[in-house]
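Please treat every number below as a calculation from the coordinates, not as lab data. Predicted model, so just to flag it, every value in this text is computed and none were measured. Counting neighbours? That spans all protein chains shown, and the Cβs are built from the backbone with ideal geometry, glycine included.
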Amino acid sequence: MELPRVPISNQISSVMDIFAHCMISLILENLDVDLNLSHPTLLIFEPKQNLTIGLNESYIFPKFIFQRTTFFRRKNPKRFCWVNVFPTIGRIFYRGNFLLSHLFPSIRGSIGPVYFVWIANQKQRIQDQLDKIYMRMLQTDLKHMGNREFCLFDNFQNIYHFNRYHRQDRAHNPNPVPLHLIHRFPRYTEFFCHKDNSTDCFYQIDEMSELVATTFNKYFWIFTPWMDVIWGDLEYNLSFRKMHTKHFFQNSQINWITLANESKSLDEFIAYTILANTLQNISIPQKIAFNEKYFYHGSASLRNSRGNHQIIRLATKSCSFISCYDIKQELSYQVFSKPFDIYTWIAICLVVIIFIVMSFLTTWMEKDDVQNFKSVKNNAGVEDIVIVSCFVLLETSFSQYISRAIPTKLIPAFWFWIVCCSAITSMYKDVFIADVIQPYHRNPSWSSIYDLEPLGFKFLLPVTRYRDLDLLYAKGIPITTLLAFEFSSQVAQSARYEGNLSRLLGYKKVAKALMVGDRTVGKISFTSQAPSRIWQELHYKWPWDLYTNLSKCQEKYVYLDNTENIMEILPFLNDNKDGIVFMKGADDKFLSTHMGFQVDYTHRKNFVYDQLKKLVTCGIYDWWKAWFKITKPTKLFPHYANWTKPVLNELERRDFMSKFTSLCNVWAICCVICTSVCFIEIRKKLLHEIAIWTYRISFQVKLRLFQEQDA
């Protein structure tokens, strides 16, 4: 008995009633359909042409012609959504101009679900049509489905919702998923949609989609370093298979410390942490189905790629440099004036001069005042006033000078001057002692990276740690491309800057100078002769090459690397017996890029992004990052030189002992001056005594002669 047929217009109306809250689009092959639209609808007419589609094809690219568009603002009860209704089963997985419209999200993802609803052909079996849609979905890359939901509506008010993650049937290399989940969630779920309450049917479909995405999404991720390309096919590499067998397949409890010790990097360990539940008690196949996996890349520089992404920003990575060229040392005797700046010294000198002038004027006025002449205790000279005013700064005992040199009216002011000088000298000694035990401050003639390019510096760049590049450097074969260095992409990006900021324009000049002579990233023909480069490659495994080149301080060499690496390499270079001082540039913004997790968008739920967000926000990621930095530090020049801490004592460094040498020189000069003054005073005293003795003798002689004459 043949079942009664429902007009296609009624079926279209039923579908629109179910998805009434969505932005509805109706794709028609002809215009002979009697439509009675009760909801705002975008009508798209596409004539039927050669649309023979094989089962192995995933997309066709029709050219859509927009005939009539209606768009009404409405308040959605839940999330915003789109629905594309196809009255015939011939239209499968549309893309092309239709999806480029601003009314519809791109295939890479959207803010809400996009439903593709086909109306079943009443002349064919429902099962055949379901199998046809399922096979097309199975042949489509999981990463290219975006937020698409696939449904089939029949004439009995039944709607079949497809499970995009049920990809085991008829697949050559199915993704490993627990069997109980496969049985629990079949390839499609059937919903009966009653005409009187069609909205509930939509909510049931939406809830089922959320449940399916939450349950299955975590089983369809892979960390990209776990893959190898073997004869054009993706396979799990041997290292991952060993780790999986040891830690996940054979053990029910995971020893996280052992797993971290055996992981190659922090990113790999975080990948094991996130996907641990999906790796336990599951057999891993040898080959990887490219269409069945979302790719997790770990932490890296945030890439510019189309599509929606979830981003967790971790830090900013930039480059800095080291050089020893034209580094000037401050004068040794500046250590005595350094505790105070020039304005403080001027103020102190002015106060001393004012006090001397006040003392001299007060003494002079008291001498001229005959009535008050008795108030002057002693006849003090100008030199006595100067000595008393200055010696208080030197904390020298001069009690015998106070009553003789300081006028009575200035005694209170003088004691206030003593209190102020005590504070000044205490502060001076604190700063002086704190500074004298530090090495001398160096003043290079350069500061930022863009100061080097006009001076004609040659850059030393570290080669990326890659096996083939290691062999080239070990054999002495020169590397001729910037692509061999980790920050080559940032150099090219900096060279393309088109703004007017002075700092970024300076970076642009340096980046363009680095690209000169490079045929791969520079604009140089392979037939013409390339100009000479301003950079030279180095390798972390040969630390002597770095010191040999960079220690030529009379030549203009500079080492460029990531700022974190520079901070570890600088103490290693300064720990040398030659007394060479290397300094780091003051600018740490060159080739800066944002580092973090950039996770590709997935349908509804993104398991990897949710787990990463938990690890970062609760501090677990930072704890393991610090643990890896201690137990597995980055292998730089100090590692291959077996350098862990400074070999030379600070007291053996030339720049450290020079301050003490200066102090000893000043002390010796003061001793010589004091000795000379002492001898001068002794000579003066002797001459004075001789003069007095001579005067007395001559006076006695004259007195005796005078007495003899009187007698």
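Going down the list 293/635; 264/584; 264/317; 552/584; 123/143; 246/541, which pairs span over 24 Å between their C-alpha atoms?
293/635; 264/584; 123/143; 246/541
Extending each Cα 7 Å along its Cβ direction at residue 309 and residue 645, get the distance between those two points in nm, one decimal.
Using points 7 Å along Cα→Cβ, the separation is 4.2 nm.
Please rank 600, 468, fewest neighbouring Cβ atoms within 10 Å first, as an exposure proxy.
468, 600
How do 599, 352, 666 rank when sorted from fewest to most other Cβ atoms within 10 Å of their own Cβ?
By the 10 Å Cβ count, ascending: 666, 352, 599.
Short version: ³J(HN,Hα) in whole Hz for each residue of the range 557-571, in order, from phi by Karplus 6.51 cos²θ - 1.76 cosθ + 1.60 (θ = phi - 60°), x for Gly and Pro, what are they?
Result, ordered by residue: 10, 9, 9, 10, 7, 4, 4, 4, 5, 4, 5, 8, 7, 4, x Hz.
Place +1 on the Cβ of every Lys and Arg and -1 on the Cβ of every Asp and Glu in the range 572-649, take the dipole about the Cα centre, and give the residue among 609, 646, 574 whose Cα lies farthest towards its positive end.
Among 609, 646, 574, the one farthest towards the positive end of the dipole of the range 572-649 is 609.
Calculated FRET efficiency, residue 141 and residue 664, Cβ-Cβ r, R0 56 Å, to nearest 0.05?
Computed FRET efficiency for residue 141 and residue 664: 0.10.
Mind giving me the nanometre distance, one decimal, between the label points for residue 249 and residue 680, set 7 Å out from Cα along Cα→Cβ?
9.5 nm
Rounded to the nearest 0.05, what FRET efficiency is calculated for residue 328 and residue 168 with R0 set to 51 Å and r the Cβ-Cβ distance?
0.10
Mind putting a number on the dipole of the range 128-216 about its Cα centre? Charges go on the C-beta only, +1 for Lys and Arg and -1 for Asp and Glu, and I need it in Debye to the nearest 20.
The dipole magnitude comes to about 440 debye.
Computed FRET efficiency, Cβ-Cβ of residue 361 and residue 426, R0 35 Å: what is it to the nearest 0.05?
Details: r = 31 Å, r/R0 = 0.87.
So, using R0 = 35 Å, E works out to roughly 0.70.
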